[in-house]
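The values are calculated or read from the model by the stated rules, or taken from the named source; none is laboratory data. Given the structure is predicted, the values throughout are model-derived calculations rather than measurements. Positions of Cβ are backbone-derived with ideal geometry, glycine not excepted, and every protein chain shown enters the neighbour counts.
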Amino acid sequence: MKSFLKYLLEILFIALIVCFGLQYFSDNGLKKLKGTKINDWQNIIEGKINSDVIINGSSRGYFMYNAKNIGELLNLSCFNIGFNAGGCNLQQSKFDIYLKKNRKPTVIIQNIDLSHFLKNTELPDEWQFTPFINNEIINSFVTKYDDKYKYLPYIPLLKYNQNFQLLKKGIIANFSSSVTKNDKTINGFSPQDRIFKIDYHNLERIKKDKYYFNEIDFRNEIKEMVCFYFRRLDKDAKVIFVWAPEHKLRCSLLFPEKGKILIDELNRIESNNKNFQFIDMRVNEISNHDEYYYDTYHLNATGADIFSKELAIKIKEILN
Amino acid sequence: MFFNSLAFAIFLPIVFFLYWFVFNKTKSTQNALLIIASYYFYSCWDWRFLFLLVFSTFLDYFTGIQIEKSNSDRRRKFWFWLSISVNLGFLGIFKYYNFFASSFAEMFTSFGFKVSPFLLNVILPVGISFYTFHGLSYVIDIYYKRIKAEYNFIDYSLFVSYFPLLVAGPIERATHLLPQVKIKREFNFEKAKEGFSQIIWGLFKKVVIADTCAIYANAIFDHYNSMDSLSLILGTIYFAFQIYGDFSGYSDIALGVSKLFGIDLLRNFNYPYFSRDIAEFWRRWHISLSSWFRDYLYIPLGGSKGGLWMKIRNTFIIFIVSGFWHGANWTYLMWGFINAIYFLPLLLLRKNRNNTDEVDIKFRFSSLKTLLNILFTFGLTCFAWIFFRAENIFTAFNYIQRIFAFNIDFQNLKGQISFTTTFVLLYLVLLEWNNRKIECPLNGKLSKVKILAAIVLILLLGEFNIKNNFIYFQF
């Protein structure tokens, strides 16, 4: 029996070394790979961002607000913490995680649109958290969405389960720093070098109200969203909500009736609070040009540059 | 409690520890612990099934003794048929009643009579086909005086309900298992080591091979209407590996777990996809069931000793009954029927025992023939698996029809192939081929390296998110 237990321990010991070794090697590579979503998370939890301006939003926030351009034009440091496919609950959680280690921003730019108020029950793009499962802050966040994260830190390699590509990428990243074109991030912003393709499935979802816009209490939700920021920021901090350009096909489906309540409420809050601003750019010259979009929902890199510059000019006026 | 669940990962070490450190004083204490563990294991599915298991155990224990004690032939026959009919009666009620009732109703409806059948609202108790067959073989062996009746109820209960084989086999024989149960087991390092590697290999086959292939096989079978011919062929290959990984994986875990307790179970699989003809395939696939039907059905019916018609009749009976054993569905019957068709020419030409030697391939011309025979046999098996996997007989025929439409769409095919699945299947085939002379490919040379690789692959590629039950639990 002693020999068998020794044999088991030996196998277990070697397996642990090999698995933890592979995991460490991959985690390390992924965290080090500059200009990626994972590296951005690493900088956030290490408190290396500390920007004056923070941009937040869902995929439209993440892919459309060029933080570098905006920052340069405002002459302030700027970082995008947008959450691809993340509803307002995930965006808020990400902002809270940001505040744990970074200093409070003086300006918040929050992307807003009708789908902003949808709440996630599952984590999108879970792979972005893979190297951080053992990090206390990230673990307590992801565990809210899936119980498996409770035990993943203790079983080596299991967090890479079904994601062999990510493990491979992490290991290679120790030797090479190349990042795939559309995965690259600049100050947290992810420019998409893609040409326009109509996303009929998304348009269909709007037509059939699969987003359940009619069930959302926009008035209350937006009030809570604004309060969320003011509760966390310094008194003189500015909170700017921006409705970025919608593609012409979506404009015809979404407006005016569905967005009206939301716009009215944003305008009302703006008139009552000098530190709150609403910039309405949903119907813009960009809206009519397919070449600035990669689908009806998102601007591509060119569109994002044009929009970001226009937005920065408007914000500069507000801040001055 | 599945073998690939966290609950089992906790259950097994606890029972192992108690067995060797607390209850190892006598054979009786060892057996008592294993019975408690087995009943707990079984009750984890549904505690109500326990009544059936206990009743079945009592019945065969009691009738076994009565058969042995009876002086007259009439009394022996009475007890024998009582056991057979009650055992098969339970199986019939739980497994086949609804099938026959609705099939007869459909038949009458097709003749213009409207019949609404009385269907039972019962669920199939897990493993009923397996433990019923345990009991049947025991009673039959006593009746034919091959073994003595077991008078120790604890020992007999363990023979029926031993948890590694309780829900999906292998189907044990009293001649093989009871003698092991009747002596105190001493810890054997080599056996335990083999058991451990067999558990790891079984787990690899289940969570990496079977569950990964299941994703693709399900996608293809569930949408066969929109698939091209090559994708449909690929779907059958995925299913062939899914069912192999699933069932042989389960058997490996069962055998491995049992070895940890010092008990050897019957080998259930012997690399069946390396078979050179269908007869060899059936000597290597689900061996405990094939040999059960051979010994308790085929040989009593006359086997292959009678005339031509008797041979044909017996072959069809054994394969169709074997198909029906798997489930109450026409698809299983058809699967059995097709295998009988495959087997018959070999039997009639007396070639059914041609390939009893070790399969080998070397760089010479005769090896090409062997390789082609293996591929041909695998192709035949895959074809039969279509019926096994299809929802119903019509779906199976439509599926085959679409294969022979020779509609080729490489774009569609590309969507059904993944690097990971190809890699793991190649790994499985190569590892099994190189180690086909031993029971578990992880044993032998470089054992620790192979175990380690399997552990890494399980953690990395194992399918843990989907709730994939072992296919054979439903039988």
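Assorted remarks:
- Hits in region B:365-383 (condition: buried (at least 22 other Cβ atoms within 10 Å of the Cβ) and over 17 Å from B:Cys213 (Cα atoms)): B:Thr377
- If you check B:Leu255, B:Leu266 for being modelled with pLDDT of 95 or more, assigned by TED's automatic domain parsing to the domain that holds B:Phe387 and in contact with a helix residue (DSSP H, G or I) (Cβ under 7 Å, 6 or more places away or on another chain), only one passes: B:Leu255.
- The listed residue being within 14 Å of chain B (Cβ to nearest Cβ) and either more than 12 Å from the chain's Cα centre (by Cα) or touching a residue at least 24 places away in the same chain (Cβ under 8 Å) (or both), out of A:Leu8, A:Leu30: A:Leu8
- Close pairs from region B:5-25: first modelled with pLDDT under 95, partner of a type in the set (Val, Ile, Thr), Cβ under 6 Å, at least 6 apart: B:Phe23/B:Thr29
- So B:Phe80, is it within 30 Å of B:Ser43 (Cα to Cα) and part of a helix (DSSP H, G or I): yes
- Residue in region A:110-126 that is over 30 Å from A:Leu311 (Cα atoms), in a helix (DSSP H, G or I) and not polar (S, T, N, Q) present: yes
- Residue count for region B:375-404, restricted to those that are of a type in the set (A, V, I, L, M) and either in contact with a Ser or Thr (Cβ under 7 Å, 6 or more places away or on another chain) or outside the structural domain of B:Met227 (by TED's automatic domain parsing) (or both): 5
- Any pair with Cβ under 7 angstrom, 6 or more apart, that starts in region A:296-311 at a residue that is in a helix (DSSP H, G or I) and ends at one that is small (Gly, Ala, Ser): A:Phe307/A:Ala244
One line per residue, one yes/no per condition, for (1) hydroxyl-bearing (Ser, Thr, Tyr); (2) more than 14 Å from chain A (Cβ to nearest Cβ); (3) touching a residue at least 40 places away in the same chain (Cβ under 8 Å); (4) at positive phi:
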{"position": "B:Asn373", "(1), (2), (3), (4)": "no, yes, yes, no"}
{"position": "B:Leu380", "(1), (2), (3), (4)": "no, yes, yes, no"}
{"position": "B:Phe383", "(1), (2), (3), (4)": "no, yes, yes, no"}
{"position": "B:Ile403", "(1), (2), (3), (4)": "no, yes, yes, no"}
{"position": "B:Asp409", "(1), (2), (3), (4)": "no, yes, yes, no"}
{"position": "B:Leu431", "(1), (2), (3), (4)": "no, yes, no, no"}
{"position": "B:Gly444", "(1), (2), (3), (4)": "no, yes, no, yes"}
{"position": "B:Ile458", "(1), (2), (3), (4)": "no, no, yes, no"}
{"position": "B:Glu463", "(1), (2), (3), (4)": "no, no, yes, no"}
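- Answer residue from region B:245-276, given it is among the hydroxyl-bearing types (Ser, Thr, Tyr) and within 30 Å of B:Leu178 (Cβ to Cβ) and is surrounded by the most Cβ atoms within 10 Å (Cβ to Cβ) among those: B:Tyr250
- Among the residues of region A:260-276, some residue qualifies, meaning at least one is farther than 25 Å from A:Tyr200 by Cβ, part of a strand (DSSP E or B) and free of Cβ contacts under 8 Å to residues at least 60 places away in the same chain.
- The C-beta contact set for region B:172-201 (first residue more than 10 Å from chain A (Cβ to nearest Cβ) and under 21 Å from A:Lys2 (Cβ atoms), second residue assigned to a loop (DSSP other than H, G, I, E, B) and aromatic (Phe, Trp, Tyr), distance under 8 angstrom, 6+ apart or interchain) comprises B:Arg185/B:Phe261.
For (1) modelled with pLDDT under 90; (2) closer than 14 Å to A:His116 by Cβ, each residue gets a yes or a no:
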{"position": "A:Asn214", "(1), (2)": "yes, no"}
{"position": "A:Cys227", "(1), (2)": "no, no"}
{"position": "A:Arg232", "(1), (2)": "no, no"}
{"position": "A:Ala244", "(1), (2)": "no, yes"}
{"position": "A:His289", "(1), (2)": "no, no"}
{"position": "A:Ser308", "(1), (2)": "no, no"}
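- Residue satisfying all of: in region B:354-395; touching an Asp or Glu at 6+ places or on another chain (Cβ under 8 Å) and in a helix (DSSP H, G or I); modelled with the highest pLDDT among these: B:Thr377
- Positions within region B:396-414 being over 26 Å from B:Leu344 (Cβ atoms) and surrounded by 13 or more Cβ atoms within 10 Å (Cβ to Cβ), in sequence order: B:Asn398, B:Arg402, B:Asn407, B:Asp409, B:Asn412, B:Leu413
- Filter result for the condition that a residue is crowded, with 18+ Cβ neighbours inside 10 Å, in contact with a Ser or Thr (Cβ under 6 Å, 6 or more places away or on another chain) and aliphatic (A, V, I, L, M), over A:Leu167, A:Leu152: A:Leu167
- Among the residues of region A:97-104, not a single one is surrounded by fewer than 20 Cβ atoms within 10 Å (Cβ to Cβ) and within 20 Å of A:Asn300 (Cα to Cα).
- Positions within region A:25-69 being assigned to a loop (DSSP other than H, G, I, E, B), of a type in the set (Asp, Glu) and under 26 Å from A:Asn134 (Cβ atoms), in sequence order: A:Glu46
- Here B:Gly307, B:Gly302 are screened, and the one residue that is at positive phi, without any contact (Cβ under 8 Å) to a residue 40 or more places away in the chain and not assigned by TED's automatic domain parsing to the domain that holds B:Tyr19 is B:Gly302.
- Top-ranked residue of region A:118-165 - restricted to ones that are in contact (Cβ under 8 Å) with a residue 60 or more places away in the chain and among the β-branched types (Val, Ile, Thr), ranked as farthest from the other protein chains (Cβ to nearest Cβ): A:Ile137
- Considering each residue of region A:149-159 in turn, none proves to be over 27 Å from B:Phe419 (Cα atoms) and part of a loop (DSSP other than H, G, I, E, B).
- Residue within region A:185-202 that is more than 16 Å from the chain's Cα centre (by Cα) and surrounded by 20 or more Cβ atoms within 10 Å (Cβ to Cβ) present: no
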